[in-house]
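Everything below concerns the one structure shown next.
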Amino acid sequence: MTDSKYFTTTKKGEIFELKSELNSDKKEKKKEAVKKVIASMTVGKDVSALFPDVVNCMQTDNLELKKLVYLYLMNYAKSQPDMAIMAVNTFVKDCEDPNPLIRALAVRTMGCIRVDKITEYLCEPLRKCLKDEDPYVRKTAAICVAKLHDINASMVEDQGFLDQLKELLSDSNPMPLMELNAATMNKLLTALNECTEWGQVFILDALSQFSPKDEREAQSICERITPRLAHANAAVVLSAVKCLMKFMELMVSDSEFVKNLTKKLAPPLVTLLSSEPEVQYVALRNINLIVQKRPELLKHEMKVFFVKYNDPIYVKLEKLDIMIRLASEANIVQVLSELKEYATEVDVDFVRKAVRAIGRCAIKVETSAERCVSTLLDLIQTKVNYVVQEAIVVIKDIFRKYPNKYESIISTLCENLDTLDEPEARASMIWIIGEYAERIDNADELLESFLEGFHDENTQVQLQLLTAIVKLFLKRPTDTQELVQQVLSLATQDSDNPDLRDRGFIYWRLLSTDPGAAKEVVLAEKPLIAEETDLIEPTLLDELICHIASLASVYHKPPSAFVEGRTGLRRALPKSSGGSDNETAGEQQQQQQQQQPTVIPNQDSLIPDLLNMDINAPPVVPAAQPAFSGGTLDLLGGGLDSLLGVGGAEVGGAPAPGIPPVAASSTAGLLGDIFGIASSSAPVYSPPKQVLLPANRGKGMEITGTFTRKAGAVSMDMTIHNKAMQPITGFAIQLNKNSFGITPASPLNVPAPLAPNQSIDVSLALTTSGPVQRMDPLTNLQVAIKNSVDVFYFATVMPMHIFFSEDGAMDKRVFLSTWKDIPSQNEVQFNIENVNLTADGISNKLQSSNIFTIAKRNVEGQDMLYQSIKLTNGIWVLTELKVQPGNTTIVLSLKSRATDVAQGIFEAFDGILHS
């Protein structure tokens, strides 16, 4: 029977039975009992009450039983530190056991028990194991020193363990090698031939961090590492490549040596591409970095990157990217022939990438541009919808790279106008029409056809259409006056997109005040686009080269972006000594400026972004705003009355006729006057504080907190309790990307030190101007908080009401038309129970949290409240509350174009009305 039987028990009083079995005289029964304990522990049951009984089972010669007990001990020692001391004597005894496996097991478990109280008792057994006669025990002890150093670095140094580690560098067995310096480098290189493949990987990784004193030493190391390129293990090959790539940076005077080394590097990299697909992908990701640093390395190996029919899609896409990086005048004909063939395959994603790659070739290799355009036209003639759309996108970029050269093909592009249904393709075609409007006779008709469904278009298309029609008007003002008037009206009056409105108002002002200036701005000569090969920023590339053969080279992100505790560990390629002092100083300054990594990861992991942030960085002080003298600057006043016959805004900044006000007064008294509602005197809603970081996870620091919004300012109000035995200093905080762009408006200000058993209230001002990334749930916020002890992470769900903007009062007519415009499937209903308030009381309470009552009416004895909410990200929510006198249940119906916010809105209503 298998061990699964231990996970199926459903007995009651199990702890008592296990206790008696653990104290049984029969060895077999005792072992069975420990297995049951481990099974219970594995599925999450608390069996810490059996700690003394399990520890008593350590006194055994049975290796299997001893492993089980040690496993239990590692899991519960941290929560039972006082009882863990009971096991010290057994550790000491096991470290002197005749069986080397038991000695190694004891020392390994000692390193895994991270309890300060017992570490000092483990020093003597560890010292003996570092000198053990068995190499496996010595290796395990060396690793244990590293773990102990993480717990208590000063004790490791005081006890002399570092010196013992250095002695192990001269060990007869190569495995315990742990540290590298100039004196031991030769020993490492000698041990390289004796190690297993994994030992070689570790040694090569250590060598890659060594800095040779001169070129001669670097060449000597390279010569001794080069044979590893012929190893059968891919990890060893890539680790050797990493070392050679780094040391090649130092060889500026001996170009012949570098040339010969380059020739030796290409074959092993090519050989890796004959492995299974997973290894191929890892090799390709590393090669992608290598060819960006040294493209000459594989310039003659283009054919090996040609896609095979049976390659997985992830391998195909990576090969395609490397092909573009290696494309040159010498091989462009061959590359284009391949890409054209790829564009006829059945995999849609791959075909799109292939078509886009043709455009990238045209931009990168100027002599091939004409051939690339011809190839793209051939693909357009296939009339395959997604091929046509991708071709138009890349042709737009070719026009930007080579102006006034290939415009003869515009008529062919216009023939496919009706087939375009993707935003990027439509936007590209609109750009082409606007840019070359003077050459297209029916440009106004084409653009007007896009204008018919303006509000249904993607924002990217709307912005491009607005600019294109303004360009058309400036080029042909006589017959396009109505068209530009129509698009400006749609952009400024009928749109709630702030980017579109801003651009519309700017064009409006430019055209109404100085058409000549508008022509200079809108039709100005644009800089040519650069080579579009998505090259990694040089400083980051140098760091990634130092991490070849690791996850960093697969992710193309520095380790600090996804590995906990690696924020301060940065590697960089060595700088050659050939540059001037000024150049060196400039490079150092640039490196310091780029010290903070900018690679961003996924929202489903807390660690990547938070570790990507420099918590120790000084706060950024915003620059002082310039003061304008002589009155206010009216950007939106005036109008197109003289030019287009449209009424302008009144002097003094009043909005133009027909344009709904962006903001309404949020004062309760004014709203009461407008809508006939009593002035609000309800206090601002603030949810009760919750435990954000418990003390057991914060190593003694406990944080409770809540979120508030007062007078347009959002804050995170926290109480920090120090339940540890030592004072805490050095507080700092960072927030991960989130759905609403919440980010600190100022540094976390905690008066230090925070003494033991003391607490302090702090308020962190927040702003919604940070980077945005959709979270699940929508208001989830991931936080990293640092102090002198460690960096801690926690997540919390923000209440939705903090995103209710003060300018959320909507005009009655706008409210009515918006409610009708939003589809009925976007309406969501909730019941709010136990509300003992009148309709006016509900209105007052909600208004204090920026939920504005637009209208109130009574239908057959039932009060109906209609309210509007504007979120800080520009989303509008319209609600209807049905309040039946004498009934404590009210019905909330809400409508929004973004129904994802519905649950958060309901929870906000529920919390406010029950506060």
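Bear in mind that the values in this text are calculations on the coordinates, not laboratory data. Just so it is clear, the model here is predicted, and its values are computed rather than measured. Note that we place each Cβ from the backbone using ideal geometry, even for glycine, and neighbour counts take in every protein chain shown.
The alpha carbons of the range 846-915 stretch over 37, 24, 21 Å along the principal axes, in descending order.
With R₀ set to 25 Å, the beta-carbon distance separating Lys147 from Thr42 gives a calculated FRET efficiency near 0.60. Taking a straight line from the alpha carbon of Lys895, these lysines sit under 29 Å away, with near neighbours fewer than eight places off in the same chain left out: Lys710, Lys737, Lys812, Lys820, Lys845, Lys856, Lys870, Lys882.
Shape call for the range 217-256 from the C-alpha gyration tensor, a ≥ b ≥ c root eigenvalues: rounded (a/c under 1.5), prolate (a/b greater than b/c) or oblate? Prolate is the answer for the range 217-256, as a/c is 1.5 or above and a/b outweighs b/c. Counting only residues at least eight positions apart within a chain, or on another chain, the aspartates and glutamates with an alpha carbon under 16 Å from that of Lys45 are Glu14, Glu17.
Cross-linked pairs Lys187/Lys319; Lys26/Lys93; Lys364/Lys526; Lys340/Lys471: Cα-Cα separations exceed 30 Å for Lys187/Lys319; Lys340/Lys471. In terms of the mean number of neighbouring beta-carbon atoms within 10 Å, the peptides 272-283, 863-874, 775-786, 388-399 order highest first as 388-399, 863-874, 775-786, 272-283.
Which value, in debye to the nearest 20, gives the size of the charge dipole of the range 781-915 about its Cα centre, when Lys and Arg are +1 and Asp and Glu are -1 at the Cβ?
280
Protection proxy ranking for 427-439, 886-898, using the average of other Cβ atoms within 10 Å per residue and placing the highest first: 427-439, 886-898. Taking the Cα centre of the range 333-416 as origin and assigning +1 to Lys and Arg Cβ atoms and -1 to Asp and Glu Cβ atoms, the resulting dipole is close to 300 debye. Phi-derived couplings, Karplus 6.51 cos²θ - 1.76 cosθ + 1.60 at θ = phi - 60°, listed residue by residue for the range 16-29: 4, 5, 4, 4, 5, 5, 5, 9, 5, 7, 7, 4, 5, 5 Hz, with x used for Gly and Pro. Close amide-amide hydrogen proximity is noted between Val714 and Leu766, each under 5 Å apart and 5 or more residues distant or on a separate chain (H modeled in the peptide plane; Pro and chain starts excluded).
Taking every Cα-Cα distance in the range 199-238 and sorting them into 10 Å bins from zero, the calculated P(r) comes out as 28, 54, 17, 1 percent. Rounded to the nearest whole angstrom, the semi-axes of the ellipsoid equivalent to the range 286-438, taken from the Cα gyration tensor as √(5λ), stand at 28, 18, 12, largest first. Taking the number of Cβ atoms within 10 Å of each Cβ as an exposure proxy, the fewest-first ranking of Asp542, Asp46 is Asp46, Asp542. The label point for Glu452 and the one for Thr190, both projected 7 Å from the Cα toward the Cβ, are 8.5 nm apart. Computed from the Cβ-Cβ distance with R0 of 25 Å, the FRET efficiency linking Asn310 to Thr367 stands at 0.15.
About the centre of its Cα atoms, the range 851-913 shows a dipole size close to 240 debye [charges on the beta carbon of Lys, Arg (+1) and Asp, Glu (-1) only; nearest 20 debye].
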